[in-house]
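Following: one structure in structure tokens, then a few remarks.
The values are calculated or read from the model by the stated rules, or taken from the named source; none is laboratory data. Since this is a predicted model, take the numbers as computed values, not measurements. Cβ sites come from the backbone with ideal geometry, for glycine too, and all protein chains shown count toward neighbours.
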Amino acid sequence: MNNTVNVSTPGGEYPIHIGPGRLDRISESVPGDATSLVIVTNPTVDNLYGNRVRQALATTGKTVTTVCVPDGEQYKDWQTLNLIFDHLLGHQLDRRAVIVALGGGVVGDMAGFAAAVYMRGIRFIQVPTTLLAQVDSSVGGKTAVNHPLGKNMIGAFYQPISVEIDTTVLESLPDREISAGLAEVVKYGLIMDAPFFGWCQQHAAGLRARDPELLATAIGRSCEFKAKVVSADEREAGLRAILNLGHTFAHAIEAGLGYGQWLHGEAVGCGLVMAAALSERTLGLPTSDVTQVRDVVQAIGCPTRAPRLLGVDQWLSLMRSDKKAEAGEIKFVLMPQIGQATVGAADTADVVDVLDALTVEDA
């Protein structure tokens, strides 16, 4: 079954096409005036799907080239970004060239950022191949690279011209990648829709086991949630910030351990548990709700306890580097109840209590 979700922002309107076989129909989304097409991918995804996408794009009659970047969050940096620029400049691509981002969140973020700044902006198509990218990072136009002092600190808001989600690619993912993507699915229920969170609880085992119908529902609903928020607040001036539930903790985990040690979604899953615990202390979220959050994160296969890192001081320092921080004050997305979220500060003592309770040496 195919589904289309539309996104409308000041930065552009575009469709999210969801369904089996979208890789073979990607040419439908290539603009007629495109002069050439550049696939940005990594070696793993290229071996799996590169030829299939090249064949589909070849039907447009455009020149198709490919640039492979190293695989992993630790390579989402300026040096790797320059590999894309080297390719674009080396092939003398003009402003009507189109980038096709074929891969997970790392590829999508870097290819999108390259598109945003090459010749001050060229078009790009998102083709997410991980569950996390399909339900989150490919939608909404956030593009960036990491800096050693902070995740996604160098980037731009830049919308794709379409998002092509082929649900069959999930069959090739490692189990960890499925669990990581499900953390972002659960997040939508926590911040926007309590019944959807209940649905995630009910079907956690089936989702983790890759039931095709359940995953299609999860992807479609997640894209609808993301599209609604992004359409209302493209540049995170207000509402969009709630999409960062758990991310202040998650980004600290990723930066503190070294990018790539934990998958982003694994860190988000753990961050959801920590955000729930902080919400209990700060906003009175019922203890039973905190338990529900922990149990569903565990059920989808994500960690529920964070690494201690170098202690509380390092945690606080990393969280102060988060993009939501203002004048050195850490901002958190918190839940007064499941299905609602707000952004605010928290007492340092409460944050320290959460870190003491939910961090361990060997996480």
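Matching residues to (1) within 14 Å of Tyr14 (Cβ to Cβ); (2) touching a Ser or Thr at 6+ places or on another chain (Cβ under 7 Å); (3) of a type in the set (Asp, Glu):
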residue: Val139; (1), (2), (3): yes, no, no
residue: Ala144; (1), (2), (3): no, no, no
residue: Asn152; (1), (2), (3): no, no, no
residue: Val163; (1), (2), (3): yes, yes, no
residue: Asp166; (1), (2), (3): no, no, yes
residue: Val169; (1), (2), (3): no, yes, no
residue: Leu173; (1), (2), (3): no, yes, no
residue: Ala180; (1), (2), (3): no, no, no
residue: Tyr188; (1), (2), (3): no, yes, no
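Matching residues to (1) in contact with a strand residue (DSSP E or B) (Cβ under 7 Å, 6 or more places away or on another chain); (2) under 18 Å from Val7 (Cβ atoms):
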| site | (1), (2) |
| --- | --- |
| Arg54 | yes, no |
| Val64 | yes, no |
| Asp71 | no, no |
| His91 | yes, no |
| Arg96 | no, no |
| Val106 | no, no |
| Gln126 | yes, yes |
| Leu131 | no, no |
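List the number of the failed condition for His251; all other conditions in (1) under 16 Å from the mean Cα position of the chain (by Cα); (2) crowded, with 24+ Cβ neighbours inside 10 Å; (3) at pLDDT 95 or above hold.
In the conditions (1) under 16 Å from the mean Cα position of the chain (by Cα); (2) crowded, with 24+ Cβ neighbours inside 10 Å; (3) at pLDDT 95 or above, His251 misses (3) alone.
In the stretch 150-177, which residues are buried (at least 18 other Cβ atoms within 10 Å of the Cβ) and among the basic types (Lys, Arg)?
Within the stretch 150-177, just Lys151 meets the criteria.
In the list Ala180, Ala194, which residue meets the criterion of being crowded, with 18+ Cβ neighbours inside 10 Å, modelled with pLDDT of 95 or more and not assigned by TED's automatic domain parsing to the domain that holds Pro10?
Checking each option against the conditions leaves just Ala180.
What number of residues in the stretch 262-294 are surrounded by fewer than 24 Cβ atoms within 10 Å (Cβ to Cβ) and over 30 Å from Tyr75 (Cβ atoms)?
The number of residues fulfilling the criteria is 15.
Show me the strands (runs of 3 or more DSSP E) found entirely inside the stretch 59-137 where at least 1 residues are small (Gly, Ala, Ser), assigned by TED's automatic domain parsing to the domain that holds Ile16 and surrounded by 24 or more Cβ atoms within 10 Å (Cβ to Cβ).
Filter on the stretch 59-137 gives 98-103.
Could you count how many residues in the stretch 343-357 are touching a strand residue (DSSP E or B) at 6+ places or on another chain (Cβ under 6 Å) and more than 10 Å from Thr282 (Cβ to Cβ)?
Total meeting the criteria: 1.
List pairs: first residue in the stretch 303-328 and without any contact (Cβ under 8 Å) to a residue 24 or more places away in the chain, second residue among the aliphatic types (A, V, I, L, M) anywhere in the structure, Cβ distance under 6 angstrom, at least six positions apart or on different chains.
Arg320/Ile330
Across the stretch 6-26, which residue is surrounded by the most Cβ atoms within 10 Å (Cβ to Cβ) among those that are over 17 Å from Leu170 (Cα atoms) and touching a Phe, Trp or Tyr at 6+ places or on another chain (Cβ under 7 Å)?
Val7
So which of Ser279, Ser222 ends up being among the hydroxyl-bearing types (Ser, Thr, Tyr), in contact (Cβ under 8 Å) with a residue 40 or more places away in the chain and more than 21 Å from Lys142 (Cβ to Cβ)?
So the residue among Ser279, Ser222 that is among the hydroxyl-bearing types (Ser, Thr, Tyr), in contact (Cβ under 8 Å) with a residue 40 or more places away in the chain and more than 21 Å from Lys142 (Cβ to Cβ) is Ser279.
What are the residues in the stretch 226-240 that are surrounded by fewer than 24 Cβ atoms within 10 Å (Cβ to Cβ) and either within 22 Å of Lys76 (Cβ to Cβ) or of a type in the set (Phe, Trp, Tyr) (or both), if any?
Passing the criteria: Arg235, Glu236, Arg240.
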